[in-house]
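Read the structure below first, then the notes.
Derivation of every value follows stated rules applied to the coordinates shown; laboratory data play no part. Here the structure is a predicted model, which is why all the values come from computation and not from measurement. So basically every Cβ, Gly included, is an ideal-geometry build from the backbone, and we count neighbours across all protein chains shown.
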Amino acid sequence: MDNTVIETKSLCKVFRRDSFQVTALEDVNLTVSQGEFLCLMGPSGSGKTTLLNIIAGIDRPTQGQLRVLGEDVASMGEDRLAAWRNVHVGFVFQTFNLIPVLTAFENVELPLLLTKLSSQARREHVIAALKLVGLEERIQHYPRQLSGGQEQRVAIARAIVTDPTLLMADEPTGDLDAHSAEEILDILSRLNRDFSKTIIMVTHDPRAARHATVTRHLEKGQLLPLGE
């Protein structure tokens with residue numbers, strides 16, 4: 001049985017401004033299997049985040065194919081793409097992106113407000129997600145009352161509360177001290193190991209990459225062969 005979750009073929013992305021153009025990705029062919037923890041590494045400007053955003057349906061390729069769970073994501077209209085993201089993608093950002101005036105509970109609940117779940121069902125999902133990241137005692141705390149590591153744990157809980165197919169993490173430890181970073185990476189590893197979550201993480205930190213099951217390198221928009 002084919003367990004391929006993500007497949008890109010000849011994926012290219014060109015950014016244009018006036019008469020200038022920059023090729024961010026060139027002829028990227030990538031396959032990601034269900035339950036894989038993939039780390040994308042490379043120098044600044046190598047195309048890591050661009051590739052992550054295209055796979056997550058946040059950006060579109062200039063040409064080439066992107067299939068996720070057999071669906072042609074690159075050709076979807078905006079409304080269908082937004083609905084697809086809500087079901088399939090959880091995203092963890094470097095800067096947490098929590099809403100300051102909302103509690104941890106309310107921040108995590110946000111993606112569930114787009115579903116048809118009852119208030120009680122939403123509460124159960126939120127508590128379960130916060131418990132998974134070790135913050136069940138902090139549900140009424142605001143972001144300003146949390147450490148950076150705790151804020152990122154809330155952000156992970158928000159990303160997983162809908163039980164998405166894919167968990168995308170863009171430099172998730174970039175703004176954290178070494179101890180907090182290790183805690184976040186341990187949580188991601190546990191989600192991959194114990195819950196078979198398919199995770200794609202962008203990082204420049206070799207220590208973070210050690211938590212992944214597969215590491216791929218990009219250089220000047222090109223995906224290097226496995227092992228390089």
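Residues of region 64-105 that are over 20 Å from the mean Cα position of the chain (by Cα), surrounded by 13 or more Cβ atoms within 10 Å (Cβ to Cβ) and either of a type in the set (Gly, Ala, Ser) or farther than 21 Å from LEU167 by Cβ (or both): GLY64, LEU102, THR103.
Of all residues in region 106-123, those that are without any contact (Cβ under 8 Å) to a residue 24 or more places away in the chain and either assigned to a helix (DSSP H, G or I) or exposed (fewer than 15 other Cβ atoms within 10 Å of the Cβ) (or both) total 9. Before we move on, is GLU136 under 23 Å from SER189 (Cα atoms) and of a type in the set (D, E, K, R)? Judged against the criteria, GLU136 is a match. If the condition is being over 20 Å from LYS9 (Cα atoms) and either in contact (Cβ under 8 Å) with a residue 40 or more places away in the chain or part of a helix (DSSP H, G or I) (or both), then region 203-228 contributes THR203, HIS204, PRO206, ARG207, ALA208, ALA209, HIS211, ALA212, THR213.
Checking the stated criteria, GLN152 turns out to be touching a residue at least 60 places away in the same chain (Cβ under 8 Å) and either crowded, with 17+ Cβ neighbours inside 10 Å or not aromatic (Phe, Trp, Tyr) (or both). Within region 130-174, the set of residues being part of a helix (DSSP H, G or I) and touching an Asp or Glu at 6+ places or on another chain (Cβ under 7 Å) comprises LEU130, PRO143, GLY148, GLY149. Residue pairs whose Cβ atoms lie under 9 Å apart, separated by 6 or more positions or on different chains, with the first residue in region 163-175 and hydroxyl-bearing (Ser, Thr, Tyr) and the second in a loop (DSSP other than H, G, I, E, B), are THR165/GLN34; THR165/LEU69; THR165/LYS197; THR173/GLN94; THR173/THR203; THR173/ASP205. When GLN21, GLN34 are screened for being among the polar types (S, T, N, Q) and free of Cβ contacts under 8 Å to residues at least 12 places away in the same chain, only GLN21 passes.
Here the condition is being touching a residue at least 40 places away in the same chain (Cβ under 8 Å), assigned to a loop (DSSP other than H, G, I, E, B), in contact with a helix residue (DSSP H, G or I) (Cβ under 9 Å, 6 or more places away or on another chain) and of a type in the set (Phe, Trp, Tyr); of PHE91, PHE96, it holds for PHE96 alone. Among the residues making up region 54-63, those that are closer than 29 Å to PRO143 by Cα and either surrounded by fewer than 18 Cβ atoms within 10 Å (Cβ to Cβ) or of a type in the set (D, E, K, R) (or both) are ILE58, ASP59. The set of residues from region 1-34 being among the acidic types (Asp, Glu), more than 16 Å from VAL73 (Cβ to Cβ) and surrounded by 13 or more Cβ atoms within 10 Å (Cβ to Cβ) comprises GLU26, ASP27.
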